[in-house]
Ligand code: SF4
């Protein structure tokens, strides 16, 4: 299997268009956590023309609601949550400059269209590998919506966070292609 | 026969311990299933995922970090011996107190909330509790934290008898196909056939408590399990839905007599993070 590609946000369009479905990546630097409730709030703020608590330009959002950290650790288990629940909000964030999303599971057509139009990429992390992934997170700090608890937006400093490009900025979808390759009967 | 007294505080203590163990120690059956899958998976990405999952289980066990951040809604099956007298308080309150303590002390995520206001109760209570009276003077506690990536992909259907076994198979396999990568494959597929709507659902959930690799004692049901497993693995969904040979680690079927006019079928999907622990008091 090919080597992993190392990437570091903010991602430029140039980097994004070169990533292809099936590529394995190791992400280092800053990514932001957000799931259902945080997405709802971000989109409300965009609709009401209010400033956002984090600038999305070139950034990667990780769909995760971690467990509370054990004493002395930055974060608890932190694997991806299922992405389709963020589909109603994702195109609006992509239009606002978001370049990457990390989650697991299928994305809707509207999200993929927005990714193609504005050049963004969808990565999958391994669902259910929460303990393993937590080891790649060096620091975690709540930066918005603290009242949401596990659903608050956290600024995560990661080192060699393992993910795989599932949907690239050209609309190729590894979920579709991978399955066809191994289907029988 | 004497009546055996068990203080409900004992139940609290056991539930607390099982919550922490279930979330951090993957059962030997699940570890063995992941190892066996790694040996046969043809997809390089798929093999990489099996390696990650085995490593994950190792880190979780040795460091006490939850296997998965979705530490679930706690489902508790209680089998209470008829000769037991529970003392010192309310049984369900005792179970919920165990969940509260386990989730607090184990640094586990509180995911339960009011279904309408969406307000989180903050301590992962209440559990979903199923209680059954059985012979004897023991209490068996089986506990399964259920993640909702897979729960959300589950379904119940009530078919006319003309659907037959082929119809049942089509429904079950179709459910796994439609769920694709969402329930964190490789999955364990729990199937309940018969009874009423809620009985089928309950059977499908109960079937997930069985150790992976163990077949149903009825040979006809065992055969159905293996046929379903083969059909599901032919879907090609693979580990994490990225393509591969192993889509399901196992299929468990439980049945119950039903009405002449129906075939109730429930499919309860369980991710590879097949957490369940039990204790007998
Ligand atoms: S489906 Fe299972 S492995 Fe996946 S996130 Fe939920 S609990 Fe974890």
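The values are calculated or read from the model by the stated rules, or taken from the named source; none is laboratory data. If you're wondering where the values come from, they're calculated on a predicted model, not measured in any experiment. Methodologically, a virtual Cβ is constructed for each residue, glycine included, from the backbone with ideal geometry; neighbour enumeration extends over all protein chains shown.
Tell me the residue from B:83, B:29, B:90, B:48 that is away from every other protein chain (no Cβ under 11 Å), away from the ligand (no atom under 14 Å from the Cβ) and under 24 Å from residue B:182 (Cα atoms), please. Of B:83, B:29, B:90, B:48, the one residue that is away from every other protein chain (no Cβ under 11 Å), away from the ligand (no atom under 14 Å from the Cβ) and under 24 Å from residue B:182 (Cα atoms) is B:29. Considered as a group, the residues in the stretch B:247-275 that are over 19 Å from the mean Cα position of the chain (by Cα) and not in a strand (DSSP E or B) include one that is nearest to the ligand (Cβ to nearest atom), and that residue is B:262. So how many residues does the stretch B:146-201 have that are at pLDDT below 95 and assigned to a strand (DSSP E or B)? Result for the stretch B:146-201: 0. Within the set B:169, B:146, the sole residue that is near the ligand (Cβ under 10 Å from one of its atoms) and touching a residue at least 40 places away in the same chain (Cβ under 8 Å) turns out to be B:146. Highlighted here are the helices (runs of 4 or more DSSP H) found entirely within the stretch B:1-89 that include at least 3 residues which are without any contact (Cβ under 8 Å) to a residue 24 or more places away in the chain and surrounded by fewer than 20 Cβ atoms within 10 Å (Cβ to Cβ): B:28-40, B:44-63. Can you tell me which residue is surrounded by the fewest Cβ atoms within 10 Å (Cβ to Cβ) among those in the stretch A:119-132 that are in contact with a strand residue (DSSP E or B) (Cβ under 7 Å, 6 or more places away or on another chain) and within 13 Å of another protein chain (Cβ to nearest Cβ)? The selected residue is A:124.
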